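Asker: I'd like to ask some things about the structure below.
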Amino acid sequence: MKKIVAALLATVMAASLFAGCGNKNAAVNITKAEDLEGKKIGVQAGTTGETYVTESVKDAKVQSFKSGMDAALDLKNGAIDAIVLDELPAKAIVEQNPDLTILDCDLATEEYAIAVKKGNTELLEKINATIQRIKTDGTYESMANAFMPADGEIKIPEHKATEGDTVIKMGTNAAFPPFEYVEGSEVVGFDITMSEEIAADMGAKLQVEDMNFDSLLSALSSDVIDFAAAGMSITEERLKSVDFSEPYYSSKQVIILKK
């Protein structure tokens, strides 16, 4: 009898061990920023989140994705332990994925600005003039209320007509709601509406070019686009190759986890 009981116990213990080793969905103990150390962390390529994790999280196993939503799919599947992303896009992802949650930690803060080719002071002055105008005449507040409402119900403003003999090309990465994303067949968002204001003030026709985030700076340098508005933060590294407008939005990084 003792031999039978011992054999049964051994079988149960072995089964438990194998179950534990194969459980990819086991809870990851992350309750603060320091807990990211040594973890598999998803980021969007070319963003502040990628820079923060690479430079500030010890022994992090960084996996870069084209979009935060792509990273969310891997998080849900247990392929990564967490995501570090800008606050507003993170909220949009969690809203669409109730099995995910946001851990609001004191990570990197950043200021978004519009990038232009190095030395293009004429365009930069026009962009700054529009940013100053919309902040003064109430347009900026209306845009913020439309795309970042307290109740979470985004109300996309009507497109502002942009006309003229000159075409101005705005580069973006439409995977960053509420700043730029695809709604139906259109690219919409806070940055798109702001770019329409810039083009209208210039008497030019706006053309939106959607591309990978990490391609935007090279597109500016090679004159593929005239300016980039993509929730892009000002960094010392980026200032080496482009010039930035005055900041138009302040954001922070948060951690997305599986519940």
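The values are calculated or read from the model by the stated rules, or taken from the named source; none is laboratory data. Just so you know, these numbers come straight off a predicted model, no measurement behind them. A quick note on method: Cβ atoms are made from the backbone with ideal geometry, for glycine too, and the neighbour counts reach across all protein chains shown. Accessible surface areas use protein heavy atoms only, side chains included; no ligands, DNA or RNA. Shrake-Rupley method; radii C 1.70, N 1.55, O 1.52, S 1.80 Å.
Asker: Explain nothing, just compute: Karplus ³J(HN,Hα) = 6.51 cos²θ - 1.76 cosθ + 1.60, θ = phi - 60°, for every residue of the range 226-238 in order, whole Hz, x for Gly and Pro.
Answerer: 8, 8, 10, 10, 8, x, 8, 8, 7, 10, 4, 5, 5
Asker: Next question. So, R0 is 22 Å and r is the distance between the beta-carbons of L239 and T166; what FRET efficiency does that work out to, to 0.05?
Answerer: Working: r = 27 Å, r/R0 = 1.24.
For R0 = 22 Å, the calculated efficiency reads 0.20.
Asker: Using the Cα centre of the range 115-176 as origin and beta-carbon charges of +1 (Lys, Arg) and -1 (Asp, Glu), tell me which of S142, G152, N128 is placed farthest towards the positive end of the dipole.
Answerer: So the residue we want is N128.
Asker: If you stretched the chain out fully between S56 and D74, how much longer would it get, using 0.36 nm times the residue separation minus the C-alpha to C-alpha distance? List each step's numbers first, then the result.
Answerer: Working: separation 18, 0.36 × 18 = 6.48 nm, distance 2.23 nm.
Roughly 4.3 nm would be gained on extension.
Asker: Give the long-range amide H neighbours of M232: residues separated by 5 or more places, or on another chain, with amide H under 5 Å away, using H modelled in the peptide plane at 1.01 Å from N.
Answerer: Result for M232 returns A113.
Asker: So if R0 is 51 Å, what FRET efficiency would K135 and D99 give, r being the distance between their Cβ atoms, rounded to the nearest 0.05?
Answerer: Once rounded, the FRET efficiency stands at 0.85.
Asker: Identify the residues of the range 202-221 with backbone N under 17 Å of a label point that sits 7 angstrom from the Cα of E183 along the Cα-to-Cβ direction, or state none.
Answerer: Correct set: 208.
Asker: Can you compute the helix-only [θ] at 222 nm over the chain? Use -39500 (n - 2.57) per DSSP H run of at least 4 residues, normalise by all residues, nearest 500 deg cm²/dmol.
Answerer: Working: 9 runs with 96 residues, N = 259.
It lands at -11000 deg cm²/dmol.
Asker: Return the percentage of antiparallel bridges among DSSP beta bridges fully within the chain, rounded to the nearest 5 %. Write out the running numbers ahead of the final one.
Answerer: Numbers: 23 of 38 bridges.
Roughly 60 percent of the DSSP beta bridges within the chain come out antiparallel.
Asker: When all protein chains stay in place, what accessible area (Å², nearest 10, 1.4 Å probe) is found for K126?
Answerer: 90 Å²
Asker: Amide H of V62: which non-local residues (sequence gap of 5 or more, or other chain) have their own amide H closer than 5 Å, using H built in the peptide plane?
Answerer: Residues meeting the amide H criterion: I41.
Asker: Any chance you could give the angle, 0 to 90 degrees and rounded to 10, that helix 121-136 forms with the longest Cα principal axis of the chain?
Answerer: 80 degrees
Asker: Round to the nearest 0.05 the FRET efficiency obtained for E37 and Q207 when R0 = 51 Å and r is the Cβ-Cβ distance. Can you show the working numbers first?
Answerer: Working: r = 44 Å, r/R0 = 0.87.
The value I calculate is 0.70.
Asker: Note down the accessible area of T54, probe 1.4 Å, to the nearest 10 Å².
Answerer: Accessible area, nearest 10 Å²: 90 Å².
Asker: Then there is this: Give me, ordered by chain and number, the residues 5 or more places off A108 or on other chains with an amide H under 5 Å from its own placed amide H.
Answerer: Q253
Asker: What list of ³J(HN,Hα) couplings, whole Hz, do you get for the range 215-224 from phi and the Karplus terms 6.51, -1.76, 1.60, once you set θ to phi - 60° and write x for glycine and proline?
Answerer: 3J(HN,Hα) across the range 215-224, in whole Hz: 9, 5, 5, 5, 5, 5, 4, 9, 6, 6.
Asker: DSSP beta bridges in the range 160-259, what fraction antiparallel, as a percent rounded to 5? Let's see the in-between values first.
Answerer: Working: 5 of 13 bridges.
In the range 160-259, approximately 40 percent of DSSP beta bridges are antiparallel ones.
Asker: Pop a pseudo-label 7 angstrom from the Cα along the beta-carbon direction at both K66 and K259 and give the gap in nm to one decimal.
Answerer: Calculated label separation equals 2.9 nm.
Asker: Per residue of the range 73-88, what does 6.51 cos²θ - 1.76 cosθ + 1.60 with θ = phi - 60° give for ³J(HN,Hα)? Whole Hz please, x for Gly and Pro, Karplus curve as stated.
Answerer: These are the phi-based 3J(HN,Hα) values: 5, 5, 5, 4, 7, x, 6, 10, 9, 6, 10, 10, 8, 4, 4, 5 Hz.
Asker: While we're on this one: Helix 2-21 versus the longest principal axis of the chain: what angle, 0 to 90°, nearest 10, using Cα atoms?
Answerer: Computed tilt is about 10 degrees.
Asker: Still on this structure: Report K258's accessible area, 1.4 Å probe, all protein chains in place, as a number in Å² to the nearest 10.
Answerer: 70 Å²
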